Amino acid sequence: MLDKKPKLHLHSCYIGTTGFNNHTRDFFREISKTYKIKVRNFTVGKHWKGLEDEPFNKEEYLTTSDKIFLDQQTYFNNEHQLNDFPIYQNYPNVFTPDLNIILAEVNHHYFYQDYKGPKIGYTVWETTRYPDYFFDKLKEYEQLWVPSEWQKQCNIEQGMPEDKIKVIPEAVDSNIFHPNPDVTLPEYDDGRFKFIHFGRWDYRKSTKEIIEAFLEEFGEDEPIDLVLSIDNRFAKDKLETTENRLKHYKLLDPRLKIKHFPSREDYVKYLQKGHVFLSCARAEGWNLPLIEAMACGTPSIYSNCSAQLQFAEGKGLPVKITGKKPAIMGEYSTFSQSDMTGEFYTPDYEDLKKVMRDAYKNYDRHKKQALKESKEIRDKFTWERAAKLASIEIDRLYNNLPENKVEISFGEGPKVQTYGTKNKKYFVEFIDSRNNKVIHSSTITNNMWTTCSKQYYIPWIIKINGEIVHKLNLKNKVVKISLDSKSVGDTLAWVPQILEFQKKHKCEIIASTFHNEWFENLEAYKNIKFVQPNSHVEAYAHYTIGWFKNNKKWDEGFKNPNSPNTIPLIQTITDILGLPYKEINKGVNFTPGKRPIKGKYICIGPKSTAGLKEWPYQNWRELAKKLHKKGYKIVNLSYEGFKGTNIINKQKLNWDKTFNYLHHADLFIGLGSGLSWVNWALNKETVMINNFIPYGYEFTSYLTKIENNSVCNNCWVSKDYTFDAGDWDWCPKNKGTKDQHICQKSITVDQVYNKVINILNG
């Protein structure tokens, strides 16, 4: 048995004043009394730089001691995305943790797979089932903590090993939340009865149904109000304010008293002074406002389901449940439907009315009982007890860790991770076996990791303390290859090369693209398993294919061996996978149908994703007019239509119909974009109007490329410029002048027409 305490790195996800974040702050403070800790992300107040306009930060939340062990703070921006940059950093000393405790949320894009040492996940998920991508990550952790027996059972039913799951209930700060008959709140002294509902405007919380039930049950002549603090600026309805929402749903009523983001001090007063706390959610991961109201001795209404029963069962005023339904988000919610799996409970809202009436009619009796239950809540659910239960599991896990263990993986680059309790130094070398060159080396100790920045294929040798411990060998191993790009052209150019990689290494390939249906049932790909992007796959090695940037510059030498703009498109993947460059076309999963148009026709693709790729629409019209005189109908397959002589607009077809139009066409005329690559995949002749990329940088088979080298051209392949996909008018030399995009504009209608006629005439 070890006699020392492990050092802990504790991770939360973002700022706020929600129950989840208040739990983070209080729980971590208590843990710090027993262990040396560092914390990433706390509930914070408005004093932090950049948060002056955040509406929910009305007070100071952090003590001086908090700031000592807080090492980094990030926050969600207005688009509900976690900012990649910290708003606070404090790294006075190097801190090497022995264990990680991660308060994980499904919408949080960190899963902390790269943090040093073993990991404990602590989650308060609300439905009966996690999304699979989230659950798969949780299963990798050494332990999973949940606050309730209900959630433990849900995890077991989903497939989590029972011995991994520990119930660590949340708690309530009884120094703050306790009965206080002397509290004063002037706006309450009007003689009216006050129901209070504090939470968030959200479908899961049944916010709208609670308000509707209140307004239906109590008449305007009754001296009863409902106090609401339900702001939610992240709700998908985009209505922004509570007032707007009440107006939108025709719920405006003078008996509804709206409180916008009350201070912490006032929040406590509302709970202590209010007559009845009102909650009736479809599901709860804990319900911190409810336990805080109960701790204050306030009669509390709640739905008789989910995690809140851990502390509320047998207490308060429960509302009946009529059943369960799939966790559909409904017409108003915060998170996307993809983040919600499992089931919600269905409260009986008619019973809610009866319970509210009973709470009002028999208030004195319920208040007396609530004060009695308050003591039990405050005695049993303390942060001291929560930290004690946690420390038992922390120490047990730490003491049962192997004395020393080294894991080697090739996820995104080679990685060496050490586990154990015995202090030991590891000098790690990542070596390219082709030339015996050390690419990277570092020294680590137990419960640390080191990796190499090279994330493309290298036949690695890994040495530790001078000894070879591993040689990369893909034979018979599972290898995942992910396409980062949604682009049609990228996908068609790259996927055939996966077959060459499999042939070379004799490995099992699991591939993910955004267009799996083009390849899955094709004979050539019968030995490749395709999965959806971001699917969790247990693999020996993982390579990601894409055009990667770092600070708006091409990420040369890290994810891409070469700047992707200086090499042919196909070479992007052959470089990453360590293959010789050659053009390969295995086709797409397509069965030709009937000829869609009678007579001769030519397909065109005049639209692209960037201005520098496009040829003027007027030129397309003139070209179409000339070809029409030769007896050809012109079919536009781009995603936008435009007018022209006998131009048939067939934009926004499904891919099978697009393939069929191209298959039967006499010719395709396009740009350096996706439709040209589709035509190539069908082994059909393409006339490509492309003056910004040299010949050979796209495909070369079945291609007639039209260019004009007498003007500015081929800017795409210059190392001096980095293409900005967000700038439609990008033109590195001539933007804002009459010569902007002169490379494409200089190609004449006659130049294209004459080439086309020559091809059509054989």
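The values are calculated or read from the model by the stated rules, or taken from the named source; none is laboratory data. Every value quoted in this text rests on a predicted model; they were computed, and no experiment measured them. Neighbour counts are summed over all protein chains in view; Cβ atoms, including those assigned to glycine, are modelled from backbone coordinates with ideal geometry.
Details
- Any chance Y122 is under 30 Å from E265 (Cα atoms) and at pLDDT 80 or above: yes
- Every residue from region 166-197 that is surrounded by fewer than 18 Cβ atoms within 10 Å (Cβ to Cβ), touching a helix residue (DSSP H, G or I) at 6+ places or on another chain (Cβ under 7 Å) and β-branched (V, I, T): V167, I176, V183
- Boolean, A541 is under 29 Å from W655 (Cβ atoms) and of a type in the set (G, A, S): no
- Of all the criteria given as (1) surrounded by fewer than 19 Cβ atoms within 10 Å (Cβ to Cβ); (2) in contact with a strand residue (DSSP E or B) (Cβ under 9 Å, 6 or more places away or on another chain); (3) touching a residue at least 24 places away in the same chain (Cβ under 8 Å); (4) not acidic (D, E), the one not satisfied by I156 is (3).
- The residue that is nearest to the chain's Cα centre (by Cα), counting only those in region 373-431 that are closer than 14 Å to P6 by Cβ and in a strand (DSSP E or B), is Y419.
- Restricting T737, T722 to those that are in a loop (DSSP other than H, G, I, E, B) and touching a residue at least 60 places away in the same chain (Cβ under 8 Å) reduces the list to T722.
- Set side by side, the residues I481, I462 differ, and just one is surrounded by 18 or more Cβ atoms within 10 Å (Cβ to Cβ), touching a Pro at 6+ places or on another chain (Cβ under 7 Å) and assigned to a strand (DSSP E or B), which is I462.
- Selection of region 200-240 for residues being in contact (Cβ under 8 Å) with a residue 12 or more places away in the chain, in contact with a helix residue (DSSP H, G or I) (Cβ under 6 Å, 6 or more places away or on another chain) and either surrounded by fewer than 22 Cβ atoms within 10 Å (Cβ to Cβ) or assigned to a loop (DSSP other than H, G, I, E, B) (or both) yields W201, E209, E217, I230, D231.
- Criterion (modelled with pLDDT of 90 or more and within 30 Å of E140 (Cβ to Cβ)) met by exactly one of D221, D163: D163
- Top-ranked residue in region 438-453 [being in a strand (DSSP E or B) and of a type in the set (A, V, I, L, M, F, W, C); ranked as farthest from the chain's Cα centre (by Cα)]: V438
- Search result, residues across region 242-284 that are of a type outside the set (D, E), under 28 Å from K315 (Cα atoms) and assigned to a helix (DSSP H, G or I): R264, Y267, V268, K269, Y270, L271, Q272, K273
Residue by residue, here is whether (1) surrounded by fewer than 16 Cβ atoms within 10 Å (Cβ to Cβ); (2) in a loop (DSSP other than H, G, I, E, B); (3) outside the structural domain of P568 (by TED's automatic domain parsing); (4) not aliphatic (A, V, I, L, M) holds:
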site	(1), (2), (3), (4)
T591	yes, yes, yes, yes
P596	no, yes, yes, yes
K626	no, no, yes, yes
E640	yes, yes, yes, yes
G644	no, yes, yes, yes
K657	yes, no, yes, yes
W680	no, no, yes, yes
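- L499 falls short on exactly one of the conditions (1) over 30 Å from H9 (Cα atoms); (2) modelled with pLDDT of 95 or more; (3) surrounded by 19 or more Cβ atoms within 10 Å (Cβ to Cβ); (4) of a type in the set (A, V, I, L, M), and that condition is (3).
- Filter result for K586 (in the same structural domain as A725 (by TED's automatic domain parsing), part of a loop (DSSP other than H, G, I, E, B) and either crowded, with 18+ Cβ neighbours inside 10 Å or touching a residue at least 24 places away in the same chain (Cβ under 8 Å) (or both)): no
- Residue selected from region 410-446 under the condition among the polar types (S, T, N, Q) and crowded, with 17+ Cβ neighbours inside 10 Å, by the criterion nearest to W460 (Cα to Cα): Q417
- Hits in region 454-492 - residues which are among the small types (G, A, S) and more than 23 Å from the chain's Cα centre (by Cα): G466, G489
- Residue check for W554: within 24 Å of P732 (Cα to Cα) and surrounded by 19 or more Cβ atoms within 10 Å (Cβ to Cβ): yes
- Among residues of region 353-366 that are assigned by TED's automatic domain parsing to the domain that holds D225 and among the aromatic types (F, W, Y), those with a Cβ under 8 angstrom from a residue that is surrounded by fewer than 18 Cβ atoms within 10 Å (Cβ to Cβ) and not in a helix (DSSP H, G or I), sequence gap 6+ or separate chain, pair up as Y360/F193; Y363/F193.
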